[in-house]
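What follows is a short report on a single structure.
The values are calculated or read from the model by the stated rules, or taken from the named source; none is laboratory data. For clarity, every value in this text was computed on a predicted model and none was experimentally measured. Here the Cβ positions follow ideal geometry from the backbone for every residue, glycine too, while neighbour counts run over all protein chains shown. These area figures cover heavy atoms from the full protein model, side chains too; ligands, DNA and RNA do not enter into them. Shrake-Rupley method; radii C 1.70, N 1.55, O 1.52, S 1.80 Å.
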Amino acid sequence: MKTQKQRILKALKNWISPADAFRQAGTMKLATRVVELRREGYDIESRWTDDKGWKVYRLRPKKPHTVWIK
């Protein structure tokens, strides 16, 4: 069985709201879990929803590494 943290990380591949986090990971404390994950080094972005009045979150997509050759 996956841990709550693993379920949240999987869900964060897309934008998720607190309601999504409850359905997908069983947590009603998404903002708290996001703070904990950020402290562990995960790059998570957030934005306010225009119509609902709460934040949504997702893991920031990784940028491809640029290799400079001289």
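Could you look through region 50-67, keep only residues that are within 9 Å of the chain's Cα centre (by Cα) and open to solvent by 60 Å² or more (accessible area, probe 1.4 Å), and pick out the one that is nearest to Phe22 (Cα to Cα)? Reasoning before the result, please.
Kept after step one, since they are within 9 Å of the chain's Cα centre (by Cα), are these residues of region 50-67: 56-60.
Checking which are open to solvent by 60 Å² or more (accessible area, probe 1.4 Å) leaves us with 58, 60.
Working: Arg58: 15, Arg60: 21 Å.
Restricting to residues being within 9 Å of the chain's Cα centre (by Cα) and open to solvent by 60 Å² or more (accessible area, probe 1.4 Å), the top hit is Arg58.
Show the residue pairs meeting these rules: Cβ distance below 6 Å; 6+ apart or different chains; first residue within region 1-21 and closer than 17 Å to Arg60 by Cβ and open to solvent by less than 70 Å² (accessible area, probe 1.4 Å); second residue in a helix (DSSP H, G or I) and of a type in the set (Gly, Ala, Ser).
If the second residue must be in a helix (DSSP H, G or I) and of a type in the set (Gly, Ala, Ser), the pairs left are Ile8/Ala25; Ala11/Ala25.
Return yes or no: is Arg47 assigned to a strand (DSSP E or B) and open to solvent by 100 Å² or more (accessible area, probe 1.4 Å)?
On the way: assigned to a strand (DSSP E or B): yes; open to solvent by 100 Å² or more (accessible area, probe 1.4 Å): yes.
Criteria met by Arg47.
Identify, from the list Tyr57, Tyr42, the residue that is modelled with pLDDT of 90 or more, aromatic (Phe, Trp, Tyr) and assigned to a loop (DSSP other than H, G, I, E, B). It would help to see each step written out before you state the result.
On the way: Tyr57 fails: assigned to a loop (DSSP other than H, G, I, E, B).
None of the others qualify; the one that does is Tyr42.
Could you tell me how many of the residues in region 1-60 are aliphatic (A, V, I, L, M) and in contact with an Asp or Glu (Cβ under 6 Å, 6 or more places away or on another chain)?
Start the filter on region 1-60 by keeping residues that are aliphatic (A, V, I, L, M), which leaves 1, 8-9, 11-12, 16, 19, 21, 25, 28, 30-31, 34-35, 37, 44, 56, 59.
Among the residues that remain, those that are also in contact with an Asp or Glu (Cβ under 6 Å, 6 or more places away or on another chain) are: none.
Counting residues in region 1-60 that are aliphatic (A, V, I, L, M) and in contact with an Asp or Glu (Cβ under 6 Å, 6 or more places away or on another chain) gives 0.
Looking only at residues in region 22-35 that are charged (D, E, K, R) and free of Cβ contacts under 8 Å to residues at least 24 places away in the same chain, which one is surrounded by the most Cβ atoms within 10 Å (Cβ to Cβ)?
Taking region 22-35 and keeping what is charged (D, E, K, R), we get 23, 29, 33.
Right, trim to free of Cβ contacts under 8 Å to residues at least 24 places away in the same chain and you get 23, 29.
Values: Arg23: 11, Lys29: 13.
Going through the qualifying residues, I end up with Lys29.
Of everything in region 15-35 that's in a loop (DSSP other than H, G, I, E, B) and within 16 Å of Trp54 (Cα to Cα), which residue is nearest to the chain's Cα centre (by Cα)?
Of all residues in region 15-35, those in a loop (DSSP other than H, G, I, E, B) come to 15, 17, 26-29.
Now restrict to residues that are within 16 Å of Trp54 (Cα to Cα): 15, 17, 27-29.
Details: Trp15: 7, Ser17: 9, Thr27: 13, Met28: 14, Lys29: 12 Å.
Filtering first and then ranking leaves Trp15.
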